Each structure stands twice: as structure tokens, then as C-alpha cells.
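Read-outs throughout are calculated quantities, based only on the coordinates presented, and are distinct from any laboratory measurement. Fair warning: this is a prediction, and the values are worked out from it, not measured in the lab. With ideal geometry, Cβ positions are generated from the backbone for all residues, glycine too; neighbour counts draw on all protein chains shown.
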Amino acid sequence: MSIGKSKTSYAYAIIGVSLVLFLLGTLGWLVINGRGLTRVFKEDIEVQVDFHDNTRDENVQKLKTILDQQPFTRESRVITKEEALKMQSDLTGENIQEFLGTNPLPTSIAMKLNAEYVNKDSLEKIRAFVMQSNVVSDVTYPKMVVDQMNSNFRKISIILGVISLLLFIVVIILIDNTVRLAMFSNRFLIKTMQMVGATRWFISKPFDQRAIINGLLSGILAVAGLWFVIVFSEGRLPELKLLHEPALLTTLMVGMVLVGILISLVSTHRSVVKYLKLHVEDLY
């Protein structure tokens, strides 16, 4: 076989592997975005801490300072009785103070939590912790919304997990077949080297080195393609930038390159060993 044809088969293998890795990376990016979307929804849930009517402003600020120092608090803000009345009037279009003759709404703290604390058990513990203060009359949060949201996210995570696992298996099979097809064109060269007395290590070394380079190139091409898709998508939908998970995205891209190298190397080495074990007549 000519060198030109060998280079062509390697080029096809690199392109084929990079396309498969790109498909895997795209799904991974969608999973990361799903995780980011889950985080955004959870961190938008508000816990409301209501105070007794006679609570002084300094006590409200003191409790706010304590809450801001807790690991579960992402941000908090004080809502005065007057602000609460205005918000209620804007929402309903009616002024309940004019109807009742007094403002029944309490001063409160609207608290948003870090995503990992937005679940039933953590919220109940947070409620119990805040209720220890004698200036707090009640702590509320949308229980039904939290329960339904966590249930839906759990189901979506399971579905995406199964799809990702199946796709990963398919990716391994496709890359393995692509590399083995590329190696098929080198079967006579491998056998010839064996027949002139070359050792298995001597024969497999250049092919293994080539496999590492090809896997690296495939991974880099796949990462470049994924990065283009991300930049293009965020250019059209700037809201996607809110879902950024830099650490996970970096891990995904590094993983794509490593998967490309590992599977290319293993498949190539297996192919070399396979052709070394075959008889000459079996190569045809």
C-alpha cells in the first residue's frame, strides 16, 4: 500500500473520530446547560422571613447579618412594611391599607439560597434555624413549587444520564470501528514486519504513537467544533451565558481529548495484535 493511501486513511479516521467526539461533546454541553438551568431555577426561589410587628429595625438588620454569614444564603434583602404594601398594591391593584385602615403586612427578609440547599430537608432545617429567633413570626417558602421542581429535575437527570451512557457506548463502538478500518489498510505492512523478524513491541510502537497523535488531533478538532457551537449559540441567545459552568465545561473538553486518545490507542494496538496473530492467507 502507498504512503499516500495510508495518509488518506489516517485523515478519514481523524475526521470520523472527531465528528463522533463532537457529538458526544455536544450532548455533554447540553447536560451542563441543563445543570446550569436547574441551578438558576433553584437560586430564584425565595424564602421569606417575617418579623413581629414590634420588631426594631436594628434587630432586623442584626438577623440579616447573621443570615448573610450562613453557607446556605446567596443573597438577602430587607422588605419594609411600606415596601411590602407597595408590592401588594402593584400586584393586586388595590391598597389594603385604605380598606383596613392599617398596614397588616410585616417587615420581612427575602432570602435566596445556594442551589444545593433548595430541597425539602435543607429548607426545613433552615426554617427551624431561623425560627429560633424570638423576633421572627414565620418562615415561608413555596413548598409545592420546590417539591415539584426537584421531582421534575430528578426525572430529567435520569433520562439524560441514560441517554449519555448509551451515547458513550455508541461513541466507543464507532471510534473503535473507525480506527480498525483505518488499520485494515496496514495489515500487510504489519505482517511483513513480523516476517522479517521484528518484535511485537517494535511493530506496534510507531502505530501506537500515530494513534496517540491521531486521537489528540481528533479531540482538538472536536473541542474546536464544540467551542464554535457554544460561541455561536451564546451570540444568538445571550441568556445561555447565565448557565456557564466553566469548571465542568473545561472538564468536558479535556475528557473529549482524553477519550479520543485512549480509544484510538487501544483500538490501534488491538488491531496490530490481531493482524500479528493471523496467518498470511487470512489477510486477504
Problem set entry | Karplus-derived 3J(HN,Hα), 6.51/-1.76/1.60, for each residue of segment 73-88, Hz, glycine and proline x | 8, 8, 7, 8, 8, 8, 10, 6, 4, 5, 5, 5, 5, 5, 4, 5
Exercise. Which ³J(HN,Hα) values, rounded to whole Hz and listed in residue order, are derived for segment 37-51 from phi using the Karplus coefficients 6.51, -1.76 and 1.60 in 6.51 cos²θ - 1.76 cosθ + 1.60 with θ = phi - 60°, glycine and proline given as x?
Worked result: 5, 4, 4, 4, 4, 5, 6, 8, 5, 10, 9, 9, 9, 9, 9
Exercise. For the peptides 64-74, 211-221, what is the packing order when you average, over each peptide's residues, the other Cβ atoms within 10 Å and list the highest mean first?
Worked result: 211-221, 64-74
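Within segment 31-96, which GluC sites (Glu not before Pro) sit in a loop by DSSP and count at most 13 neighbouring Cβ atoms inside 10 Å? Intermediate values should be presented prior to the final figure.
On the way: sites: Glu43, Glu46, Glu58, Glu75, Glu82, Glu83, Glu94; in loops: Glu94.
Here the sparse-neighbourhood loop sites are Glu94.
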For this session: Calculate one ³J(HN,Hα) per residue across segment 22-33 by plugging θ = phi - 60° into the Karplus curve 6.51 cos²θ - 1.76 cosθ + 1.60, and present them in order as whole Hz with x for glycine and proline.
Result: 4, 4, 5, x, 5, 5, x, 5, 5, 5, 5, 5
